[in-house]
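Remarks on the structure that follows.
The values are calculated or read from the model by the stated rules, or taken from the named source; none is laboratory data. Only a predicted model underlies this, so the values are computations on that prediction, with no experimental measurement involved. Cβ coordinates were reconstructed from backbone atoms using ideal geometry, including for glycine residues, and neighbour counts include every protein chain displayed. For the accessible areas, the whole protein counts, side chains as well, though only heavy atoms, and no ligand, DNA or RNA atoms are used. Shrake-Rupley method; radii C 1.70, N 1.55, O 1.52, S 1.80 Å.
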Amino acid sequence: MPQLSTEILAADGPGFARATELLRQGALVAFPTETVYGLGADARQGQAVAAIYEAKGRPSFNPLIAHVHSAEAAQRYVRWNDAAERLAQAFWPGPLTLVLPLRDGHGISPLVTAGLETLGLRVPAHPAGQALLQALDGPVAAPSANPSGRISPTTAAHVAGGLGGRIAAILDDGACGVGLESTIIGLAGPEPMLLRPGGLAAEEIEAVLGRKLVMRNVHDPLTAPGQLLSHYAPGASVRLNASAAAPGELYLGFGPMGNAQTCDLNLSETGDLAEAAANLFGHLHRLDALGQPIAVAPIPDHGLGAAINDRLRRAAAPRD
């Protein structure tokens, strides 16, 4: 694809106006959400959405999430139901994506849904993301703003390092607070299904719904982003549940390590899973820049730990 001069836009009035103008023109704009930076295109413009796949090197069978500014805006595009209303009331704006059946006359490009009859929608909480969506007043398709399969970006510098020269602009508003992509819940079937663990713990969702979520089989067809078996990967190999680094490895720790064990970076010295989630991709970026294999300490597999382990398993999976 042709080399572009990627603009860096401030999260202010002129920056939002320029970002909105570029989106309306069919250009790609990276912008911050509370989870990670997203690579945005107007979800109604097929050519713009196709440019996302080209810029990221993303397979077109992998659907995208459309971001909107409110639950009311979401209902323009999908058939709403009681479960969606309860979850939206409890968790939007926030790190939750709901997958619902498309409504007639939705106007969403089929490239966003990868030809499916469902659409994933999210209302982000980040003030800059909200301001951009309010200004556009339309759906923005936005996967994470990184080359496909690589570590997700939590700063504008991460975006520029991976996609600089391939996209029109980056709206820079510092580091993302949650650091993990959204939890995705499927509401198009008979029972709510966890399609991808993420920045909102499944236990919190189950408490609102008053029932257990159905778990997706990893070998089922793709119905939402983040389901590829190899994803979120550094350039070098990743080894999980490591009690220590082997010779030549870098060590990503978790919790108090003690005097006998050292690590190159620690996701949370106090064992706080929310802090670990916020640090995960940033720490992986820093270690990846050193060009050595990475060993990762065990992470508890409950709450946000389930989403952290999901990302780590995909980062460590065999690659094509």
- Under 5 Å, built H, 5+ apart or other chain: amide partners of Ala188: none
- Cα gyration tensor, the range 9-57 - rounded (a/c under 1.5), prolate or oblate: oblate
- Roughly how many whole Å is it from the C-alpha centroid of the range 187-208 to that of the range 76-135? 15 Å
- Label-zone membership for the range 126-167, site Gln25, 7 angstrom Cα→C-beta point, backbone N under 14 Å: 167
- Over the chain, what is the mean sequence separation of C-alpha contacts under 8 Å (at least six apart), divided by residue count, expressed as relative contact order in percent? 21 percent
- Task: For the chain, with all protein chains present and a 1.4 Å probe, just round the carbon and sulfur fraction of the accessible area to a whole percent.
- Result: 53 percent
- Task: Would you pull out the residues with amide H under 5 Å of Arg239's amide H, same chain only if 5 or more places away, H placed 1.01 Å from N?
- Result: Ile294, Ala295, Val296
- List the equivalent ellipsoid semi-axes of the range 236-291 in whole Å, largest first, each obtained as the square root of 5λ for an eigenvalue λ of the Cα gyration tensor. 17, 15, 9
- Placing each pseudo-label 7 Å from Cα in the direction of the beta carbon, Glu54 and Ala90 end up separated by a distance in nanometres of 4.3 nm
- Query: Whole number please: convex hull volume per residue of the Cα set in the chain, in Å³?
  - Reply: 126 Å³
- ³J(HN,Hα) across the range 292-301 via Karplus (A = 6.51, B = -1.76, C = 1.60, θ = phi - 60°), whole Hz, x for Gly/Pro? 10, x, 10, 9, 10, 5, x, 10, x, 9
- Query: So for the pair Ser5, Arg103, with labels modelled 7 Å out along Cα→Cβ, what separation do we get in nm?
  - Reply: 4.3 nm
- Query: Rounded, prolate or oblate: which fits the range 1-121, taking a ≥ b ≥ c as square roots of the Cα gyration tensor eigenvalues, rounded meaning a/c under 1.5, else prolate when a/b beats b/c?
  - Reply: oblate
- What whole-number value in Å² describes the accessible area per residue of the range 1-116 for a 1.4 Å probe? 40 Å²
- Message: Tell me the mean residue ellipticity at 222 nm calculated for the chain from its helices only (DSSP H runs of n ≥ 4, each -39500 (n - 2.57), averaged over every residue, nearest 500).
- Response: -8500 deg cm²/dmol
- Query: Between His302 and Asn217, what length comes free when the chain is fully extended (0.36 nm per residue of separation minus the Cα-Cα distance, one decimal in nm)?
  - Reply: 28.7 nm
- ³J(HN,Hα) computed for each position of the range 125-131 - Karplus, 6.51 cos²θ - 1.76 cosθ + 1.60, integer Hz, glycine/proline x: 8, 4, x, 5, x, 4, 4
- Query: Want the number for Arg313 to Glu206: 0.36 nm per residue separation, take away the alpha-carbon distance, what's left?
  - Reply: 36.1 nm
- Message: Can you sort Glu203, Glu249, Glu269 by solvent-accessible area, 1.4 Å probe, largest first?
- Response: Glu269, Glu203, Glu249
- Please list the non-local residues whose amide H lies under 5 Å from the amide H of Gly40, H modeled 1.01 Å from N, same-chain partners needing a gap of 5 or more. Val29, Ala30, Phe31
